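Values quoted throughout were computed directly from the atomic coordinates according to the rules given, and no laboratory measurement underlies them. These numbers were taken from a predicted model, which means no experiment stands behind them. Cβ placement follows ideal geometry from the backbone for every residue including glycine, while neighbour counts extend to all protein chains displayed.
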Amino acid sequence: MYHIRAVTFDAYGTLFNIEGLHAKATELILQANSFPADPVAFHQEWDKFADKLIMEGPFSKLWVVFDQALDMTFRQFGFRGRRVPNDLEIWLRMIENCQVYTAAPVVVEAVGRQFRTALISNTDNHELSIALMRHGLKFDAIVTSEDARAYKPSPVIFQQAAELLKCNPEEIIHVGDSFIADVVGARGFGATAVWLNRKRAKLQNQPVQPDYIVECLEEVLDIIGDLVN
């Protein structure tokens, strides 16, 4: 019998729709620097460098990571000039102005009527606070990688949220769209993991499995209802 006391959510990709934004930002940053690289390949390498910096540390704020990774990507593609000032602001402004998925406010509010809720996000505080204020999403606790000085899937960031919620890991359901950050992270911490798999990606020989898989946020309400009834 599950005794669920709290539900935690990932932010970007789960509640906030950032589909295609990083790719578009890459195109605009390349244009701003008058550098004719293939934007698709450049975007892929930028992501790889950012992931490497996050995983291998030491900890830096996310936008510092993105800036360092962008420098590394430009160098890899043979850019020898100086980047135009504040080119990363293009990506930053897109994140601050991203939209929520239509179901997000409804689901968060419905869950909040029954359980304590938290937002756990690999991001910096300033940008997330702007997005939350714009869309009116409210939680009992908010923990960012900047707060925890750790990124999902590290248990450190989940532990900080659990302490704020005054819950044990087994009393928490975590919902997120990233298999590594959210599913592996939540399961490693001891929470129930709900994978929001909008793109119906296939799992192949993964050592860690989600407890539940949903294709839309509304299905989270059904899972929670089944667990507590």
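Odds and ends about this structure:
- In the range 145-223, the inverse of the mean reciprocal separation of distinct Cα atoms equals 12.8 Å; this is its Kirkwood hydrodynamic radius.
- Other residues whose C-beta falls under 14 angstrom from the C-beta of Glu215 contribute a net charge of 0, scoring Lys and Arg +1 and Asp and Glu -1.
- Euclidean distance between Cα centres, the range 154-170 to the range 82-127, Å: 20 Å
- Of the trypsin sites (Lys or Arg not before Pro) found in the range 169-215, the ones in coil according to DSSP and having at most 10 other Cβ atoms within 10 Å of their Cβ are Lys199, Arg200, Lys202.
- Pairwise Cα inverse-distance average, inverted: Kirkwood Rh of the range 185-229 (Å): 11.5 Å
- The share of alpha-carbon pairs in the range 21-96 lying farther apart than 17 Å comes to 39%.
- Mean-position separation - Cα centroids, the range 11-28 and the range 179-219, in angstrom: 20 Å
- Couplings 3J(HN,Hα) of the range 77-91, computed from phi: 8, x, 6, 10, x, 9, 4, 5, x, 6, 5, 5, 4, 4, 5 Hz, in residue order, whole Hz [Karplus 6.51 cos²θ - 1.76 cosθ + 1.60, θ = phi - 60°; x for Gly and Pro].
- Sparse-neighbour loop sites [trypsin sites (Lys or Arg not before Pro); the range 17-119; at most 16 other C-beta within 10 Å; DSSP]: Lys61, Arg80, Arg82, Arg83, Arg113
- Over the chain - Rg/Rh using Cα atoms and the Kirkwood inverse-distance radius: 0.99
- Nearest-0.05 FRET efficiency for Arg113 and Leu28, computed from C-beta distance (R0 41 Å): 0.50
- Relative exposure of Leu203, Leu164, Leu217, judged by other C-beta atoms within 10 Å (fewest first): Leu203, Leu164, Leu217
- Sorting Thr102, Thr14 by the number of Cβ atoms found within 10 Å of their own Cβ, with the fewest placed first, yields Thr102, Thr14.
- In summary, the lysines within cross-link reach of Lys52, defined as a Cα separation below 29 angstrom excluding same-chain residues under 8 places away, comprise Lys24, Lys61, Lys152, Lys199, Lys202.
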